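Everything below concerns the one structure shown next.
We did not get these values from a lab; they are worked out from the coordinates using the rules stated. For clarity, every value in this text was computed on a predicted model and none was experimentally measured. Positions of Cβ are generated from backbone atoms using ideal geometry, with glycine treated the same way; all protein chains shown enter the neighbour counts.
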């Protein structure tokens, strides 16, 4: 006698928990009833992401690197599930390797991106990278590798993220969220909203507490999103959906320059 | 006999004791400067009459006297300038060996040094800033900026590991009126070093140093079209921003205009860097070196009449030393010399324009209306020209407009705090994030404060220091992108690779 | 014997009630402020005023092993009538000499208003017993000195024996009390940091100094603009806090009129005109005087001057 499998309910990922949309609505994607995140879900996610920022950015770079590496470990144990929800094993392996690659950047960034500046005066002057804050990500395709390629640089730089998952292929994003939830990523550091892009993207772009917006996966009216983002001088990032480089991390970093006199 | 003479001498001495030691005027001579009656637009290596046929008069804000007629560039003028820049980019500048680009920039640096006195007078005449600052700050820094980026021109591959940096093309650059030549240097030097050509629009009220810079370009024998200067008001800037053949916009100015530019460029794919407004916190702890901190407060807010985006306009004083700091501050304010920008002893010059003066006046009035306590030292202002007495507000609440809005004038708002956490919370409680100051003798506290202040530049036990090697730029609504240092090259290069 | 109050470690400074906070000095900012003040452009009438003032506050000094009564006599004449050809040139404030020569200077200055200052307390090193220092102080006062320029024991200061430094100042002050003004020389060139300069300034003031003075003039590093600014700020803080007036003397290395003007501008902008009198401010120098005279004549005649026209005394 065959056993009836227990299905997973695909919900949102906000503040380390997996709530349903406050709207109670779902939409049909990949044969499942996927949570159709609302404006309020997004608002909650941004608020929680902001709260999580101090702890995540305050962590030592070494620790942050270990947490990101732990994400790769969790993904590795869920290879089959991730493969089933993406284009397959190849995409999953590349995604995992990419997370590992970025994990190693956490405690090297400041050395590569920062500098000690030889100013013409009796001052010690240095520049260090710092996270920019809450980053909105419109996840590009392919649904896993695209998301990981955009999320990992945001995360490793110490930012927190509110991700709008691929509208057509949202399930793998929630699967990834489960990896994050079990990987010691503090609650609220990454939040994943599934739902309709046209509803969610403008909300994310216009939110005054979202400091940067990754539009690599924007499939709608990019110009409109950028216009909305101008209201709080958002950093608009057009990156690569399948690339890895420290320059992708740098796009989500602020540079802080500190001066101090040198005197006896 | 001898004794008598001595007594004469001593009586003479007694009579000579005055009640005040007034410094005699020490004006820098303006003979060194020659202005044309009217200026055209500097396009393709020559001055052209504006197709717009529109002109306006630029003045000396300290005397309200006209200095020259300036062209108001229109759409067709901007188009001509962009075409000239494009042609120069494609056919000359991008073809040049980087080491040759470097040498041109070194030349410019040297010529600026040689002509620095002349430029200093122009800056003070047209902008109202004290000659002491033009001479000791603006000019040396402008020349240093060209010298610094000149050296980068043939070393770009070392600035961007694992990449081959390429120029972007034509950069449209729009600069403010507070440091006209220095901002020009901040914009042009890195752009040219990276192999781009530029169309630069100086501020409406302060075009003269940029126009004089065209003569430096000529003396340096820079290929025509590499640097183009279009003058005019915001309309000219808007034409430049929206011109389809400009690859990159760099803007320094108000947050309001910055947002408008970002909106205009939305969806265009053009690169953008913004250096916008600020409302910096300058935080004084009770263990600070107080007399030096007071100098830092003064330099933070009264430098360049407070026309400084990174001005330390919000002073946070630990409550335990509040009385002492305020008393020292007021005492020091009484020694500020306000007046003729060309006088070498002037500390605070003229407000840049009538419009700005009105804005400062209305914000100060709002501070009085909201209940803050105003202090202004006794001060004799010239009858003509635009002036504002250095002002400090005490009893300021965080919610007052003078604690929230950028005044861009010599007006300081004083607030107090009790603990470091409170100072940080209040300091960061603003949409801006350009700069901050912190004064304490405790090393670990300096580093902790520097880490927690959300600002692109943190001055610890100093304020308002600038250097070409030091990146400058803001967090949050103070803009994005950095100017200065290796990081200042980044907005002007394209990086290939994944 | 005066004793300093016992205070916890780090607070050994014998603070009298309401003395200002010890505080600290940022060296770079202090030097920048001093440099900025030195760029003041003093011209025409304001310059003549400054040059005239420089003479009126001058402690015309000779402190050589080779000093003789004849040398002191010549110097005193110069101090009383710096420029015999110009009756408008005032006398200097004081003649500053070694203890052995006080009597000659007193004799020569009698009735002129020019004071006699004597260095004492084993100048310049201060490396002798307190008894010797007190004896020397008594001797110069008995010989008629109006002012005593004592040195602090830098060895004691630098080894943290602040109470000893304080105690010596108090004891010397007791000898001077009512008879002579006390100037306390910090010898800032040996103190190493501006923090120490400020600390020593407050210590000397607490001990009873009427003036604090930068240097002996016997070191290559004497008065500098940042050092005097630091000391003036200490004086200012004391005045603000307690109302007490303490004078300032910059000495050593001031040879040119231009430097003198810079020092005076600094006083003017730090403490105000009230401090620009011989009662509150002094410049200690020797060769400075002729340069000031040359500058005054240049201002009056419009011609640059030749030192051969000014007497070397």
Between A:55, A:195, A:31, where does the largest GNM mean-square fluctuation fall for chain A, given springs only between Cα atoms within less than 10 Å? A:31
If I fit a long axis through the Cα atoms of helix B:290-302 and take the longest principal axis of the Cα atoms of chain B, what angle between them do I get, 0 to 90°, rounded to 10? 50 degrees
What value, in deg cm²/dmol to 500, does the helix sum -39500 (n - 2.57) over DSSP H runs of n ≥ 4 give at 222 nm once divided by the residues of chain B? -12000 deg cm²/dmol
Along Cα→Cβ, 7 Å out, is where each label goes; now give me the distance between the ones at residue A:77 and residue A:1 in nm to one decimal. 3.2 nm
Given a Förster distance of 35 Å, report the FRET efficiency between residue B:164 and residue A:219 from their Cβ-Cβ distance, rounded to the nearest 0.05. 0.70
Given segment A:27-261, what percent of its DSSP beta bridges are antiparallel, to the nearest 5? 50 percent
Run the numbers for residue C:129 and residue C:71: contour at 0.36 nm per residue of separation, minus the present Cα-Cα distance, in nm. 17.9 nm
Using a basic spin-label model with each label point 7 Å from the Cα along Cα→Cβ, how many nm lie between residue B:425 and residue C:273? 5.0 nm
Which values, in whole Å and largest first, are the semi-axes of the equivalent ellipsoid of the protein assembly as shown obtained as the square root of 5 times each eigenvalue of the Cα gyration tensor? 64, 36, 23
Have a look at the DSSP beta bridges in segment B:281-467 and tell me what percent are antiparallel, nearest 5. 10 percent
May I ask you to derive the relative contact order of chain B, considering only C-alpha pairs under 8 Å and at least 6 residues apart, and to give it as an integer percent? 17 percent
Show me C:118-128, B:224-234, B:190-200 ranked by packing, highest mean number of other Cβ atoms within 10 Å first. B:190-200, B:224-234, C:118-128
Tilt, helix C:257-270 to longest principal axis of chain C (alpha-carbon atoms), in degrees rounded to tens, equals 50 degrees
So what is the relative contact order for segment B:281-467, in percent, with contacts set as C-alpha pairs under 8 Å and at least six apart? 30 percent
Directionally averaged shadow of segment B:244-393, computed from the convex hull of its alpha-carbon atoms, nm²: 12.2 nm²
How long are the semi-axes of the equivalent ellipsoid of chain C, taking √(5λ) for every eigenvalue λ of the Cα gyration tensor, in whole Å from largest down? 31, 24, 15
Evaluated at 37 °C and 0.692 mPa s, the Stokes-Einstein D of segment A:27-261 based on the Kirkwood radius over Cα pairs, in µm²/s, stands at 184 µm²/s
Partner shielding of C:44-52, as the mean number of partner chain Cβ atoms within 10 Å, equals 4
What are the extents of the Cα atoms of segment C:209-255 along their three principal axes, listed from largest to smallest and rounded to whole Å? 35, 19, 15
Let's test the formula: R0 of 30 Å, r as the Cβ-Cβ distance of residue B:91 and residue B:113. What FRET efficiency results, to the nearest 0.05? 0.50
What's the ranking of B:245-255, C:37-47 by average number of surrounding C-beta atoms within 10 Å, highest first? B:245-255, C:37-47
Taking each residue of A:226-237 in turn, how many C-beta atoms of other protein chains fall within 10 Å of its C-beta, and what is the average? 6
Report the Cα centroid-to-centroid distance between segment B:90-155 and segment C:176-249 in angstrom, as an integer. 45 Å
Could you check the simple spin-label distance between residue A:23 and residue A:51, using points 7 Å along Cα→Cβ, in nm with one decimal? 2.3 nm
Quick check on packing: order C:75-82, B:299-306, A:116-123 by the mean number of other C-beta atoms within 10 Å, highest mean leading. B:299-306, C:75-82, A:116-123
Size of chain B along its principal axes in angstrom, Cα-based, largest extent first? 83, 62, 44
Helix A:89-103: angle to the longest alpha-carbon principal axis of chain A, degrees 0 to 90, nearest 10? 30 degrees
Give me a single rounded figure for A:117-130: the average over its residues of other chain Cβ atoms within 10 Å of their Cβ. 6
